[in-house]
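Read the structure below first, then the notes.
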């Protein structure tokens, strides 16, 4: 009987200790959430420094710092059509101290074309969208091509002779332009670059014929490059004279986004703090000026809930398109 009492006493003691540990762990987590953020936050940007998406993300992060009370440290992880950086976001510890810039190619395209170490709908926590992107087809200012139709006409008569740059075959812009090439029955040689600065240097050095990239307005404004086509379904307000995909008869969805996301599992209270800070940053004059005057990008806002739905919708849309084209992984 004494043995039974001793055994019961030990079991109760163990349960009591485990209960204390559980309560202590819960208290510690709640305490961490309440104190968040109490150290700098890493912001992974899956692009080369200086790319327009990188610049836009730095604009909003600089303003969000004011509302979080901590530094936001940009960490560039380019490559893989943004998949390398987005994988780093998805695999980060879900404590709110690593978030990142999640964009179309790594969320909607790359996971459908190759096996990646993340599922964008399961492993990412969308936090907010702060803008859209204009992807364009640009030539050097003195190029003989005056329109995108000129490019297609020349390519039809001269297979594989033209060359163009992009940041890789798993990007949405590459996917969109190649749907056009397929419909037009033309062959144009692709020259991939790790980052857009290298591609523009190649264009200006006359090593390629045109570039497919997010709009780099300073190069257009300075007269070094000329836009032939906006890879969106409507014309850009800033460039009303430049045709869009729809203007040329191409019905191709291009959900180009600038958004902030973190790894799935970030506590809701921390997600809300980040979302609130970046939403306030969206309204700051310095951010608005940078987007509208320097980058010429539209400011587009979606909260966490709406962005989650947009991720799912856009992913399913491209999942269908990729499958129809026979390109599924």
Send over the Kirkwood Rh of the stretch 135-248, from the inverse of the averaged 1/r over different Cα pairs, rounded to one decimal Å.
14.0
Estimated FRET transfer efficiency when R0 is 25 angstrom, pair residue 312-residue 201 (beta carbons, to 0.05):
0.10
Just grab the label-to-label distance for residue 264 and residue 246, each label 7 Å out from Cα along the Cβ direction, in nm (one decimal).
3.4
Need the full-extension length gain, residue 181 to residue 39, defined as separation in residues times 0.36 nm minus the C-alpha distance. One decimal, nm.
46.2 nm
Ellipticity estimate at 222 nm from DSSP helix runs (n ≥ 4, -39,500 (n - 2.57)) divided over the chain, nearest 500:
-13500 deg cm²/dmol
Residue 293 to residue 153: FRET efficiency via 1/(1 + (r/R0)^6), r the Cβ-Cβ distance, R0 35 Å, to the nearest 0.05?
0.45
Which of 65, 319, 238 fluctuates most in a GNM of the chain (C-alpha springs under 10 Å)? That residue is 238
Most mobile of 113, 43, 229 per a Gaussian network model of the chain (Cα springs, under 10 Å)?
113
If you build a Gaussian network model of the chain, linking Cα atoms that sit under 10 Å apart, which residue out of 42, 158, 232 swings the most?
158
The percentage of Cα-Cα pairs in the chain separated by more than 25 Å is 54
Would you please state which residues of the stretch 204-226 a label at residue 141 would reach in this model, taking the label point 7 Å out along Cα→Cβ and a backbone N cut-off of under 16 Å?
204-206, 216-226
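Read the figures in this text as sums done on the coordinates, not as results from a lab. Predicted model only: the values in this text are computed from it and were never measured. No Cβ is skipped: glycine too gets one built from the backbone with ideal geometry, and neighbour counts run over all protein chains shown.
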